[in-house]
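Taking it in order: structure first as structure tokens, then the write-up.
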Amino acid sequence: YIEDVIWNYPDSYWWGILYENSAFYNQTKDRWYELRKTVLSIDNVFSEINNTVELLGNAQERNFDRWPILGEYVWPNFFIGETYEEEIDFMKNFLFDRFLWIDSEFGYSSVQVNYDFNAFNRGYIKVNDFIEIDSSYQSVYFQNEPVNLKAIPNPGYTFSKWEFYNLEFSSYTII
């Protein structure tokens, strides 16, 4: 891969040189692993995106009223979303795929987990204290790293039990 970067992306020449240094490469790899378990976990990054979308609220509508670029090509964008929601989904999918690719480039084995949760407004699941799920959700975790799930019932409801279907894991632990 490094040779591809050096020859096809001349602006990336120094990255290729740096990654030939094993100490630099190993420190970068270790740092990526540490950050992926915390601030760069899919759960945390998606939670930050969701919080920002909520914070912006109607400001995005005013933005696109002033600059009507939805559904229009804007250089150098590859994707042209018809709606704000499509743009957010594209960004999340891009980050999801990019993080998996970086994980694989560093030789880390990650596991994709799909949550299918339908509580009909009776509560939500909190995953690793980062993200709250009240419907379907997809994430990626490193193998052998714990995933903490916490059921949060809405007022008037109680949590009774977990049910797991179609498990592809060799084991799971509920604490």
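Filter region 36-49 down to residues that are in a helix (DSSP H, G or I) and open to solvent by 60 Å² or more (accessible area, probe 1.4 Å), then give me how many there are.
At the first step, the residues of region 36-49 found to be in a helix (DSSP H, G or I) are 36, 42-49.
Checking the rest, the ones that are also open to solvent by 60 Å² or more (accessible area, probe 1.4 Å) come to 48.
Qualifying residue count for the region: 1.
Kindly indicate whether any position in region 64-80 is of a type in the set (Ser, Thr, Tyr), assigned to a loop (DSSP other than H, G, I, E, B) and either touching an Asp or Glu at 6+ places or on another chain (Cβ under 6 Å) or at pLDDT 90 or above (or both). Steps first, please.
Let us first name the residues in region 64-80 that are of a type in the set (Ser, Thr, Tyr), namely 73.
So of that shortlist, the ones also assigned to a loop (DSSP other than H, G, I, E, B) come out as 73.
If we keep only those that are either touching an Asp or Glu at 6+ places or on another chain (Cβ under 6 Å) or at pLDDT 90 or above (or both) too, we end up with 73.
Yes, that holds for at least one residue.
Enumerate the pairs (first residue in region 88-102 and farther than 15 Å from TYR33 by Cα and basic (Lys, Arg); second residue anywhere and open to solvent by less than 50 Å² (accessible area, probe 1.4 Å) and modelled with pLDDT under 90) with beta-carbon separation below 9 Å, excluding pairs fewer than 6 apart on the same chain, so at least 6 apart or on different chains.
If the second residue must be open to solvent by less than 50 Å² (accessible area, probe 1.4 Å) and modelled with pLDDT under 90, the pairs left are LYS92/ILE42; LYS92/PHE46.
What pairs come up if the first residue lies in region 32-49 and is farther than 14 Å from VAL147 by Cβ, the second is among the basic types (Lys, Arg) and open to solvent by less than 50 Å² (accessible area, probe 1.4 Å), and their beta carbons are under 7 Å apart, counting only those six or more places apart or on different chains?
Matching pairs, first to second residue: PHE46/LYS92; ILE49/LYS92.
Anything in region 64-114 that is open to solvent by less than 80 Å² (accessible area, probe 1.4 Å), more than 18 Å from GLN138 (Cβ to Cβ) and among the hydrophobic types (A, V, I, L, M, F, W, C)? List them, or say none.
Within region 64-114, PHE64, ILE69, LEU70, VAL74, PHE79, ILE80, PHE106 qualify.
Which pairs turn up if I take residues in region 63-83 that are without any contact (Cβ under 8 Å) to a residue 60 or more places away in the chain and look for partners that are basic (Lys, Arg) and in a loop (DSSP other than H, G, I, E, B) with beta carbon separation below 7 Å, at least 6 apart in sequence or on another chain?
That search, which allows pairs on different chains as well, returns nothing.
The values are calculated or read from the model by the stated rules, or taken from the named source; none is laboratory data. If you're wondering where the values come from, they're calculated on a predicted model, not measured in any experiment. In this analysis, Cβ positions are derived from the backbone assuming ideal geometry, glycine residues included, and neighbour counts consider all displayed protein chains. Accessible surface areas use protein heavy atoms only, side chains included; no ligands, DNA or RNA. Shrake-Rupley method; radii C 1.70, N 1.55, O 1.52, S 1.80 Å.
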